[in-house]
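Below: one structure, written as structure tokens.
The values are calculated or read from the model by the stated rules, or taken from the named source; none is laboratory data. All figures in this text were calculated on a predicted structure; none of them were measured in a lab. Cβ atoms come from the backbone with ideal geometry, glycine included; neighbour counts cover every protein chain shown. All accessible areas refer to the heavy atoms of the entire protein, side chains included, with ligands and DNA or RNA removed. Shrake-Rupley method; radii C 1.70, N 1.55, O 1.52, S 1.80 Å.
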Amino acid sequence: MSAGTRTPTDPAGRRVLSAALFASAPAEVLDFLLPLWAGSTLKAGASVVGALIAFEAVLSLIVRPLAGELADRFDQRRVAAAGAGLYALSFAGYALADSLPVAFAAAGLGGAGGALFWVALRAWTGQEARDGDGTAAYGKLLSAEGQGAFVGYLVAFSLLERTGYPALFWLGSAACVLAAGLLLRGPGRRPAASPGADAAGAGGLMRRGAAERRLLPLMVVSAVTAAAEAGLWMLLLLRLQGDLGLSPNEIAMVFAPGFVVFVLLPEHTHHLTDRLGRTPTMIASFAAGALFAAGLAVVSTPLAIAVFWTVAAACFAAQIPVEQATVAAASGGRIGRGMGLYETARLAGVVAGPLVMGVLYEELGWVAACAAAAATSAVGAVVVPFAVRVLRLPREENKAATQSVHMTEDGEDMDTSKPEPAQPSAEPALGPKEHARKERRDWYIHTVAFVLGQLVLWALDSSWLVWQITDGSVPDDQRGPLVWLGRIWLTIWVIDTIWSWSYTIWPREKKAKS
């Protein structure tokens, strides 16, 4: 298999996905623990905690364009490994911090490390999948990030009260060192130039500055909608805690179904994207975001909110991979720069969104904030067709429409009166027996992880499955976040078992994409 056609299913790709899992676990948990740690350990006030978080975010914003340049010039896995190394130093700094200067230094290392790690990793994914199914590759990467977050929170809830913050930070540092080691395995190589990078038409996108100009509308859409989503998320947490009086565990239960969907769906949603095309998938996602925001203005029960959030999470699981694959395809031979711009745009939105939405909420109230978020997502759905069209991607097509616009070889638009047949996928289809064997092999790995996790929960007296088998129910004094996490994990494992073994009981080929 050539260097230009590998996907995240070969050994190098599996190491990349494993590195994403190991690094995302402590990184996601840190976002939750950092304010609590700074307040309890360093006795920092709200303004200092806010400054600490802002310092990390701003430094990450500054480094992201540089990370894109480095990913285009050097081996992307080595750049990501450097980011993982800075991540490790950051967690070690938090573990040793006994003063604010040390904490700010650790935050700075974490911001820079995160920029290098994620930009380079996403650039590598786009580079290796550019001749195959880029959306599927980015879906696998997003799924690995979600799995890492799940594992990270499980470990954090298990160990925090028993070991304290330093041990947890040291464990995070070790996980990042392991991620760096995985990325450094194998021979290094410079990023391959994309064919036709200097050609005319679509190749004009590769010229310095051309990609940035054509990506600008999509970057604006990503930044603005990310701002609305992040701001609404913050306000929803405050509403669930303040207005509805839910405890942290109850809040977690509201978001749990959507989180499970967000973890499981990304590596499968490319099948929908293959049928519909990039633009319809993103339109549907933004429309679902608008529905979610508008729905929050009129519903108030935790169950209704959980339903709305689960639907929105499913759409986000489809949107993010296709968005990243679109950026990679439009960036051509400079995928690192394109990913740097994309990451910068989204992070800028995430930083600004809570501030803007917070002011809007305080001045005009909850309904106005929801309406603003819904309007933003609706505008995104309207603008995204233009944002994708200006990229002039040769293979972009709307398979569901009766009218399609395609690119000729010289880069000009050509109207057609009927839809074109689907392009064949570069990923070879598996026969029934091979497909069933792959599903069983994946199930064995998932089952080993499930059994080990249940053993850990049993040792902590927090296994819902063991309590149900031995006592028939969980005692009230044993109920907590670990118990419901274990129950959710059991549900996931049961669904995974039924799905995986269905291919053995009922062998079937993948349907031809059309």
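Just a few scattered comments:
- Average accessible surface for the range 26-73: 47 Å² per residue, computed with a 1.4 Å probe over protein heavy atoms with every protein chain in place.
- With all protein chains modelled, accessible area of residue 32 [1.4 Å, Å²]: 100
- Distance (nanometres) between label positions extended 7 Å along Cα→Cβ at residue 364 and residue 297: 0.9
- 12 Å reach of a label modelled at residue 62, 7 Å along Cα-to-Cβ, counting backbone N of the range 108-122: 108-109, 111-112
- Solvent exposure of the range 266-395 amounts to 38 Å² per residue of accessible area, where only protein heavy atoms count and the probe is 1.4 Å.
- With the convex hull of its Cα atoms as the shape, the range 239-349 has an orientation-averaged projected area of 8.1 nm².
- Carbon and sulfur %, accessible surface of the range 36-99 computed with the full protein complex present, 1.4 Å: 72
- Phi to ³J(HN,Hα) by Karplus 6.51 cos²θ - 1.76 cosθ + 1.60 over the range 260-267, Hz, x for Gly, Pro: 4, 4, 5, 7, 8, 7, x, 7
- Carbon plus sulfur fraction of accessible area for the range 248-369, probe 1.4 Å, in percent: 75
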